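What follows draws every value from the coordinates through simple rules; no lab data is involved. What you see is a predicted model, and the numbers here were worked out from it, not measured in a lab. Here Cβ is always computed from backbone atoms with ideal geometry, including for glycine, and neighbour counts include all displayed protein chains.
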Amino acid sequence: MTLSLFFILLMPQAAHQHHPPRNAEEYAKVLENPKRDEWQKPHEVITALKLRPEEVVADIGAGSGYFTRRLAHHTALVYAVDIDAKLLAIIEKQGLPKIKTVHATPDDPKLAAGSTDTIFICDVLHHIDQRPAYYAKLAKALKPGGRIVIIDFFKKKLPVGPPESMKLSEEQVVEELKAAGFEKAEAHMFLPYQYFLEFRKS
């Protein structure tokens, strides 16, 4: 498992399976490919989140900061969480304010209890093993009234993303979060290849 999506994203599935990026710099170029904007729709995603200026967000699997820096424009603080120190170093080199990098482990986001208003997980959940235990750690990191936001690929054949066998269906994600004490609060329907769900504690 890797929170920084080491097998993904913009390449066709054959390339996804056989030619993953070889280092952090190469992988960052994949993540930051302008063509990603066409289907990831980052501006629309940020708008839909209705972020507050005082909000604290944790970007789980931040990678090179594709969403981190966008989130930081609208919030008080963003935790850029990743298990790859070299990718976090790329974020740090950007010198952007209101971003704090967090070097996580595969089974622990390393977030302090009650530290976060929104936990944002884009194209990463399907890489996380032992998700029930991971959800429990995310729940502890949330402030009262906080939310978990999940964006991930529909479980079907798509021109981008991981092989279908790696994907989690929207229904599975909803059931997993329900078992962890969360209910689906909102679903955004504008992404062509991904579901976009918000969850709050039941």
Q: Could you list, in their original order, any pairs among Lys35/Lys156; Lys86/Lys157; Lys50/Lys184; Lys110/Lys201; Lys140/Lys178; Lys137/Lys178 whose Cα atoms are separated by more than 24 Å?
A: Lys86/Lys157
Q.
Antiparallel versus total DSSP beta bridges in the chain: what percent is that, nearest 5?
A. 40 percent
Q. Taking a temperature of 20 °C and a viscosity of 1.002 mPa s, what whole-number D in µm²/s does Stokes-Einstein yield for the chain with Rh from Kirkwood over alpha carbon pairs?
A. 128 µm²/s
**Q.** Along the chain, longest interval not containing exposed trypsin sites (Lys or Arg not before Pro), exposed being DSSP loop plus at most 12 other Cβ atoms within 10 Å
**A.** 51-155
Q: Calculate, axis by axis, the spread of Cα positions in the stretch 99-202 along the three principal axes, and write the results as whole Å, longest axis first.
A: 38, 28, 27
(Q) If you take every residue apart from Pro159 with its C-beta less than 14 Å away from the C-beta of Pro159, what net charge results, scoring Lys and Arg +1 and Asp and Glu -1? (A) +3
**Q.** Nitroxide proxy distance, nm - points 7 Å out along Cα→Cβ at Glu92 and Asp129
**A.** 2.7 nm
**Q.** Simple spin-label estimate for Thr105 and Glu164 in nanometres, 7 Å along Cα-Cβ
**A.** 3.7 nm
Q: Quick one: dipole size for the chain, taken about the Cα centre, charges +1 on Lys/Arg Cβ and -1 on Asp/Glu Cβ, in debye to the nearest 20.
A: 240 debye
Q: Based on other C-beta atoms within 10 Å, arrange Val78, Val30 from fewest to most.
A: Val30, Val78
